Amino acid sequence: MSRTLKIKVPFITRLEGEASLELNAKGDQIETLLLRIVEPPRFFEQLLVGKSYLDAPALSARICGICPMAYELTSILAFEKLFDADIPQPITQLRRVMNLAEWIQSHSLHIHFLALPDFLGFGNGLGMGKAHPEVFTRGVRIQGFGNQIMSLLGGRSVHPIGLRVGGFEALPDQKQLTELSQKATETRLLAEQLVCYCSALNRPDYTDSFNYVSLKSNHEYPINSGWIASASDMNIEAEEYQDYFSEHQEPHSTALYSTLNGQEYLVGPLARFNNNYRHLDSVTLNLAKQAGIEGECLNMFDSILIRALEIHYACYEIERILSGLELPEQPYVEVTPRAGSCCYATEAPRGLIYHGYHLDEEGRIQSCTIIPPTSQNQARIEKDLKSSVEQFGLNHSDQELTTFCEQVIRNYDPCISCSTHFLKLKVNRK
């Protein structure tokens, strides 16, 4: 018996546009599997051309409503590198706190609204929340802590306006930071409960062999520093990115596919963990070991646990930074723009972001390249779907196959819209 599966995603409204999944199978083998991205043109890279470097951060933040600060700060760090800006350590540390807060926001949203319903058998997060109010309430409280930090340091919790090239527009007072440090301690206890809860979930084992890429560091769990490393032993600086990574168009998708030396790869929390788990604090690392993850993890269904561990680490790191931070006298340092090319890579909640710019002598953007995490994961998602669905078995019902494909895709958290329960399945049986 042969069957054709056509799985469609009606709308992905934030970053990756409109998508559908088409799966054609014959017997127990998948003949073709296409993740179709029908992304309406947004032209962010072209929109930035001609703009001042001062305008680029706020504009690039509009790329995503879930991790805007990552896009904003990546552009800022690229410009500061070109301008040889000497950023005070407290400013750098406060930015790290903001990054960690965005991880908390994004991971908590994904876990409690998008991923947990799969594991608990609910069609959406609200339905799950009614049946498990204590789980849902804990998630809201954790996310609220991330929102609180983003509002204080960024001016608002979504699309923050507090960052600028050279530092911040303004700084909070010491009392506010002390209160945040105390709140981090409280939230870390909630995060510990979340890790234990996720570790007890029945997570399917679909361990696979794949390449993964993230920032890597010799001294910390990296967000805004380090080099780009892969499981295939690639270790490069951001300036070498385009020598190894390339984008291309697939006939079935309007979105660009990113490959490493022509092959698919993974970015995101699992890649970060694999490259840097030794730099987790001792309590988080011990929690990981108790959950059975003591080193490299190659099962994408463990992503929910890795995100919970990163939330726990983020709370610890925020508490550590804020408890000993002395604020500088000025919120920013002056910079002098100059012509040249610059690039930078950071870790958004969903994985590696790369920005590259060329500026004229007045600091106007002549060209730019922005490569978000989801486009880097697209080829990997397709390959994972093919191998996982065949392992799951095409003998399952249409609804079971639909649900399974949804969960495989949601493991990657490609964006807020496509991570809801979205798939429509049409099966033509012969």
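The values are calculated or read from the model by the stated rules, or taken from the named source; none is laboratory data. These figures come from a predicted structure and were not determined experimentally. Note that we place each Cβ from the backbone using ideal geometry, even for glycine, and neighbour counts take in every protein chain shown.
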Checked pairs for segment 119-133, first within 16 Å of Arg410 (Cβ to Cβ), second in a loop (DSSP other than H, G, I, E, B), C-beta under 7 Å and 6 or more apart or across chains, list as Phe119/Leu201; Phe119/Asn202; Leu120/His132; Gly123/His421; Asn124/His421; Met128/Phe122
Filtered residue count, segment 310-344, keeping only those that are assigned to a helix (DSSP H, G or I), among the polar types (S, T, N, Q) and modelled with pLDDT of 95 or more
0
If a residue must be surrounded by fewer than 17 Cβ atoms within 10 Å (Cβ to Cβ) and either among the aliphatic types (A, V, I, L, M) or at pLDDT 75 or above (or both), how many such residues does segment 1-26 contain?
4
Say we look at segment 47-56 and pick out the residues that are surrounded by fewer than 24 Cβ atoms within 10 Å (Cβ to Cβ) and in contact with a Ser or Thr (Cβ under 9 Å, 6 or more places away or on another chain); which of these is farthest from Tyr332 (Cα to Cα)?
Val49
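Matching residues to (1) in contact with a Phe, Trp or Tyr (Cβ under 6 Å, 6 or more places away or on another chain); (2) outside any helix (DSSP H, G or I); (3) of a type in the set (A, V, I, L, M):
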residue	(1), (2), (3)
Leu287	no, no, yes
Gly292	no, yes, no
Gly295	no, yes, no
Leu298	no, yes, yes
Which residues, counting only those in segment 96-147, are not hydrophobic (A, V, I, L, M, F, W, C) and not in a helix (DSSP H, G or I)?
Gly121, Gly123, Asn124, His132
Looking at Gly125, Gly139 in this structure, which one is touching a helix residue (DSSP H, G or I) at 6+ places or on another chain (Cβ under 8 Å), modelled with pLDDT under 95 and either of a type outside the set (Lys, Arg) or surrounded by 15 or more Cβ atoms within 10 Å (Cβ to Cβ) (or both)?
Gly125
I'd like to check something: does segment 193-201 contain any residue that is touching a residue at least 60 places away in the same chain (Cβ under 8 Å) and assigned to a loop (DSSP other than H, G, I, E, B)?
yes
